[in-house]
Structures are given as C-alpha cells and as structure tokens.
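Every read-out reported here was derived from the displayed coordinates using simple, explicitly stated rules and does not represent laboratory data. Note that this is a predicted model, so its numbers are computed, not measured. A quick note on method: Cβ atoms are made from the backbone with ideal geometry, for glycine too, and the neighbour counts reach across all protein chains shown.
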Amino acid sequence: MNGQYVADVLPVVAGDPVERLTSLFDLHYNRLYRLARRLAPSTDDALDLVQETFLKAARFPKSIPVGTANEEAWLVRMLINIRRDQWRKTSVRDHHDKAAFGGRNLASGGWDPKAALIAKSAVWQALNVLPPRRRAIVVMYELEGLAIPAIAALLGISIITVRWHLLKGRRDLTGALKVYVGEHQ
C-alpha cells in the first residue's frame, strides 16, 4: 500500500489532506503494523486493523493532532480502540462456548510442531482472557518492548495505571496458563 487508495476517501478540507494522510502513512505504517501484528491473531487480521485505522484517519482528518508524537499516539489509540471493539464482538459471540482445547492431550516427550502450535494457541487464549486495555498494555510492554512511560503517553493514561494493568495482566496470564497446563497434563 502506498497511501493512494486510502486518500481517495478523504473529504475536501482546508490544506492538502491527501498529502497529510500520505505522510502519516509513510511515517507510522511500520510501527502500527508491528503493534497490530501483536494484537491480532493473523497477518491478514493485522493488515485489516491497520487499514481500518488509516480509513478512520481519512474520514476524520481534522481530529488528528499535529506533531509526530501526537499523531502516532492518536493512530495507536485508534488502532487499539478498533481492536477492542473486535474483541468485544468476539466475546459476545463466544460467551457460551467452551474452551477450544478441551479433551486434547499434549504429545508426551519433546516439543513437536503440533505441541508448539497448541502452546501458541494457549498463549493467545490466555491473552484473550484479559480485558482489552490490559491486553494492549501487556502486548506493548512484553512483546513490543515499549517503556511504561511511552505506553502511558500513547494511551493517555498515567504511568501508575500502566503499571497496575501490567501487574494484573501478568497475574491473569499466569492463572490462565496454569489452568490450561493443568487440564492438559
């Protein structure tokens, strides 16, 4: 993507919104894609998430703050909000479903590709247990390697709140994974 397709849906506003959106895309696409890849279960879902973020930017160009750090924070918040909405929809749909791995046994012995896939799925399931904001914070800190102050700035919350969510998220993940491992031993 080079930004031209997204720019076609821009309303006419003062200045050159096409150039601004192209600039936003060029500056922030890689960072947003890396974050989306950590939040979404597949590459296609991550690409869709980034595309929806830039479509939202194209629809509301006046709401994007000026300044590289502010723009990035706005885009990250939009991406996380879009993903949070997706998690909520999934949660409502799957409210009464049972765990996807019930009754399966892990292969005994060393790690094999099947066991690795099951382990990866278990981690994704454990992450899905977390509330959306907490999951986003855990992903940004543990997988993206962002510092706590950077996460606080991007999400517009205090450093103490980020630390609290990180602590609770780690505890929740540990509990969810212990339950999963206990069921499959």
request  = Could you rank the peptides 147-157, 46-56 by their average count of other C-beta atoms within 10 Å per residue, with the highest value first?
outcome  = 46-56, 147-157
remark   = Ordering 28-40, 61-73 by per-residue average of other C-beta atoms within 10 angstrom, highest first, gives 28-40, 61-73
